[in-house]
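The values are calculated or read from the model by the stated rules, or taken from the named source; none is laboratory data. In this text, all values refer to a predicted model and were calculated from it rather than measured experimentally. Counting neighbours? That spans all protein chains shown, and the Cβs are built from the backbone with ideal geometry, glycine included. Just the protein is used for accessible areas: all its heavy atoms, side chains included, with ligands, DNA and RNA removed. Shrake-Rupley method; radii C 1.70, N 1.55, O 1.52, S 1.80 Å.
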Amino acid sequence: MIVTKALRLALLAAGTAGGLSGAAYGLLNGQAGHARRVIGPPIAEPLRADGVHLPSGVGPVPRGEVPEGVRPLELAVLGDSSAAGLGASFPSELPGVGVARGLAEELDGPVSLSTHAIVGATTQELSEQVDAVLRRPPDVVLIIIGANDVTSKLPVSRCAELLGEQVRRIVEEGVPVVVGTCPDLGAIRPIPQPLRSVASRWSLALARAQRRSVEINGGYAVPLADLLSPEFLARPAEFFSPDRFHPSGAGYEAAAEILLPVVCIAVGAWQGGPLPPAPTRSETAEARRPTSRVVAHLNRRLHLRRP
């Protein structure tokens, strides 16, 4: 189970890199076990709504309903459970559907959605999805990935490098790529403090590294953690699904609204005004105490309690 391994390995990373004492490590290990029990395993597979979506918001429809001589723009979605839309209650809530319908409205033409994302996928496994997509290159690719990379036991820098390699492969085929970077795992309430701060620090570091790697290799990076953390932290009951780990339909809608303008820019279809530059880090993230301080405080407190 991805959640179980992610928490265990995030804890291991904190223990080796953060200088945790044995008592502090034991406390965090207990917190990880509690979070795993609360989150539990996924109760269902993600919904699917691949096919042609029309500017009217209708879809998916059979290809036969597309006017003769009109070729739908091809949108491929790659990544992990966030890209697949695990947690959405209806097909219309899937992030790929939201982007496809918004793109169809902006283009005033049909958009064909194909989803290759796999629940639990890491960046190491992204190459298989890219292989499948490049057999018949689409017009644009959207990738959302990173939350499971802690299970790969690879450094943040290597995970970002692997993502950059796949972005470069797609770009070299003449296909624009938009990447939604790793979300802020610190917004997941079932993970108690201070373990949540450990997970947050790791995910934000990965997101920053992903952004640099994507842009260096010719892609467009959208920092989801920086742009969405305030909403998810302020309204967790609305923005998370019942498992309290994956986004809800409202959470995916918020993500799609942020991703859509960048996808439109990537295909040369944006008719709106200039977009503000994306933040390098959200004010919410900046306001959090760094994990190193949390760890130091925890160690001091446990030390003082010893007889």
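Only one of these conditions is not met by Arg208: (1) in contact (Cβ under 8 Å) with a residue 60 or more places away in the chain; (2) closer than 23 Å to Asp131 by Cα. Which number is it?
That leaves (2) as the condition not met.
State the number of residues belonging to region 64-78 that are charged (D, E, K, R) and touching a residue at least 24 places away in the same chain (Cβ under 8 Å).
1
Which of (1) assigned to a loop (DSSP other than H, G, I, E, B); (2) crowded, with 20+ Cβ neighbours inside 10 Å; (3) not polar (S, T, N, Q) does Gly109 not meet, given it meets every other one?
Condition (2) is where Gly109 drops out.
Considering every residue within region 74-86, establish whether at least one is part of a helix (DSSP H, G or I) and farther than 22 Å from Ala209 by Cα. Even if it seems obvious, please write down each step before you answer.
Restricting attention to region 74-86, the residues satisfying the condition of being part of a helix (DSSP H, G or I) are 81-84.
Checking which are farther than 22 Å from Ala209 by Cα leaves us with 84.
Yes: one or more hits.
Checking the structure you have, find out if any residue of region 153-174 is of a type in the set (A, V, I, L, M, F, W, C), surrounded by fewer than 24 Cβ atoms within 10 Å (Cβ to Cβ) and assigned to a loop (DSSP other than H, G, I, E, B).
yes
Look through Val99, Val130, Val150 and report the one residue that is open to solvent by 10 Å² or more (accessible area, probe 1.4 Å), in a helix (DSSP H, G or I) and β-branched (Val, Ile, Thr).
Numbers: Val99 fails: open to solvent by 10 Å² or more (accessible area, probe 1.4 Å); Val130 fails: open to solvent by 10 Å² or more (accessible area, probe 1.4 Å).
Only one candidate qualifies: Val150.
State whether the residues of region 200-212 include one that is open to solvent by 40 Å² or more (accessible area, probe 1.4 Å) and within 25 Å of Val97 (Cα to Cα). I'd like the intermediate steps shown before the answer.
Our first condition is that a residue be open to solvent by 40 Å² or more (accessible area, probe 1.4 Å); within region 200-212, this holds for 201-202, 208, 211-212.
After this cut, where a residue has to be within 25 Å of Val97 (Cα to Cα) as well, the list is 211.
Checked region 200-212: at least one residue is open to solvent by 40 Å² or more (accessible area, probe 1.4 Å) and within 25 Å of Val97 (Cα to Cα).
Under 7 Å between Cβ atoms, at least 6 apart or on separate chains: pull out the pairs that start in region 119-144 with a residue that is under 22 Å from Pro223 (Cβ atoms) and free of Cβ contacts under 8 Å to residues at least 12 places away in the same chain and end on any residue that is in a loop (DSSP other than H, G, I, E, B) and hydroxyl-bearing (Ser, Thr, Tyr).
Listed by first residue and then by second, the contacts come to nothing, as the list is empty.
Tally time: how many residues in region 47-72 are outside any loop (DSSP other than H, G, I, E, B) and open to solvent by 30 Å² or more (accessible area, probe 1.4 Å)?
Just the residues of region 47-72 that are outside any loop (DSSP other than H, G, I, E, B), to begin with: 51-53, 61, 63-65.
The next check asks that each one be open to solvent by 30 Å² or more (accessible area, probe 1.4 Å); those that pass are 63-65.
Selection size over region 47-72: 3.
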